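Trainee: One structure follows; several queries about it will come next.
The values are calculated or read from the model by the stated rules, or taken from the named source; none is laboratory data. If you're wondering where the values come from, they're calculated on a predicted model, not measured in any experiment. As a convention, Cβ positions derive from the backbone with ideal geometry for all residues, glycine included, and neighbour counts pool all protein chains shown.
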Amino acid sequence: MVKRLEGKVAVITGASSGIGRSIVEKYVEEGAQVVAFARNLDALKELETTCPGQIKAVAGDVTQSEDLKRLVDEAVQAHGGVDVVVPNAGIARVVSFENSTREAFETQFSVNLFGAAETARLFIPHIRKGGSIQFITTFLTQVGFPGLAVYSASKAALKSLSQTLAAELAPQGIRVNSIAPGPIATPLWGTVGLPPEILGGVAEKITARLMPGTFGQPEDIADLSVFLASDSAKNIYGQEIVVDGGYTVG
């Protein structure tokens, strides 16, 4: 069986859990060499031991320039260059607009927009022709959800960045797209800052709008990421592909 990412080198941030970890695992299944980056070194090392020789763990924080520069250095040292960059690291916090201070904006934008953008920017000189960048946005760029103005704004900016970079980097042979996950069952869901009883009620309301009747799985995003990284997606540029169980259909 032909592996779709055989011979490719990928860098994935936020790789220790949830969508990021699933992307790492799927890429390895499809033959890629992966540089996995996250703050949780123990989780990365555990991931590294499951696939000896295919995963290189690098610990760090996407909001720290020194950490990102070290990530680039280690990836290039190990592989000479890269083919796919997935700046997946992100955070989500429920904050009413009344409490959306500059600090609240900076907390989420520093990871979701600036961290993702800087990851891509630093790697661009090392992405081989035919390579790609995939940003992870959200279905909330298309619908409104109370308490998530800051989060949604950070991801909407990332969506716009992706579209602009697609035009800017195409002459260099680099494709840029984004994936917009809908409600996905990951640890991120439990970190938004809501009490368990309220979180459960919100989950029920969301689930009622999902056509499969259940939250998606990280593998749903990973499968699409593999496709976008493969040569099968060679004519796809500047798209935001929504994977949301039909939530935004209405």
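Trainee: Are any residues in segment 116-136 surrounded by 23 or more Cβ atoms within 10 Å (Cβ to Cβ) and not hydrophobic (A, V, I, L, M, F, W, C), and if so, which ones?
Mentor: Residues satisfying the conditions are Thr119, Gly131, Ser132, Gln134.
Trainee: Yes or no: Ser16 of a type in the set (S, T, N, Q), in a helix (DSSP H, G or I) and in contact (Cβ under 8 Å) with a residue 12 or more places away in the chain? Outline the logic, then answer.
Mentor: On the way: of a type in the set (S, T, N, Q): yes; in a helix (DSSP H, G or I): no; in contact (Cβ under 8 Å) with a residue 12 or more places away in the chain: yes.
When the stated conditions are applied, Ser16 does not pass them.
Trainee: A follow-up question, please. Just one of (1) under 15 Å from Val242 (Cα atoms); (2) of a type outside the set (Ser, Thr, Tyr); (3) assigned to a helix (DSSP H, G or I) trips up Glu103, so point out which.
Mentor: All conditions pass for Glu103, except number (1).
Trainee: Can you tell me which condition Pro146 does not meet? The list is (1) in a strand (DSSP E or B); (2) modelled with pLDDT under 95, and all the others hold.
Mentor: Among (1) in a strand (DSSP E or B); (2) modelled with pLDDT under 95, the lone unmet condition for Pro146 is (1).
Trainee: Identify, please: which residue in segment 138-185 is of a type in the set (Val, Ile, Thr) and touching a Phe, Trp or Tyr at 6+ places or on another chain (Cβ under 8 Å) and is, among those, surrounded by the most Cβ atoms within 10 Å (Cβ to Cβ)? It would help to see each step written out before you state the result.
Mentor: First, the residues of segment 138-185 that are of a type in the set (Val, Ile, Thr): 138, 141, 143, 150, 164, 174, 176, 179, 184.
After this cut, where a residue has to be touching a Phe, Trp or Tyr at 6+ places or on another chain (Cβ under 8 Å) as well, the list is 138, 143, 150, 176, 179, 184.
On the way: Thr138: 29, Val143: 14, Val150: 24, Val176: 25, Ile179: 26, Ile184: 22.
Checked segment 138-185; the qualifying residue surrounded by the most Cβ atoms within 10 Å (Cβ to Cβ) is Thr138.
Trainee: Go through (1) at pLDDT 95 or above; (2) closer than 23 Å to Arg70 by Cα; (3) surrounded by fewer than 24 Cβ atoms within 10 Å (Cβ to Cβ) and name the single condition Ile12 misses.
Mentor: Status for Ile12: all satisfied but (3).
Trainee: Sticking with this structure for a sec: Taking Ile221, is it at pLDDT 85 or above, surrounded by 15 or more Cβ atoms within 10 Å (Cβ to Cβ) and either within 22 Å of Thr141 (Cβ to Cβ) or more than 22 Å from the chain's Cα centre (by Cα) (or both)?
Mentor: yes
Trainee: Go through segment 82-100 and give me each residue that's farther than 30 Å from Ala32 by Cα and not in a loop (DSSP other than H, G, I, E, B).
Mentor: So in segment 82-100, the residues farther than 30 Å from Ala32 by Cα come out as 93-100.
The answer is Phe97, Glu98, Asn99.
Trainee: So in segment 26-45, with the set limited to residues that are in a helix (DSSP H, G or I) and surrounded by 20 or more Cβ atoms within 10 Å (Cβ to Cβ), which one is modelled with the lowest pLDDT? Let's see the steps before the verdict.
Mentor: Of segment 26-45, the ones in a helix (DSSP H, G or I) are 26-29, 41-45.
Add one more test, that the residue is surrounded by 20 or more Cβ atoms within 10 Å (Cβ to Cβ), and what stays is 26-28, 44.
Details: Lys26: 98, Tyr27: 98, Val28: 98, Leu44: 95.
Ranking the candidates gives Leu44 first.
Trainee: Working only within segment 177-218, note down all residues that are assigned to a loop (DSSP other than H, G, I, E, B), touching a Leu at 6+ places or on another chain (Cβ under 9 Å) and at pLDDT 85 or above.
Mentor: Those that are assigned to a loop (DSSP other than H, G, I, E, B), touching a Leu at 6+ places or on another chain (Cβ under 9 Å) and at pLDDT 85 or above: Gly182, Pro183.
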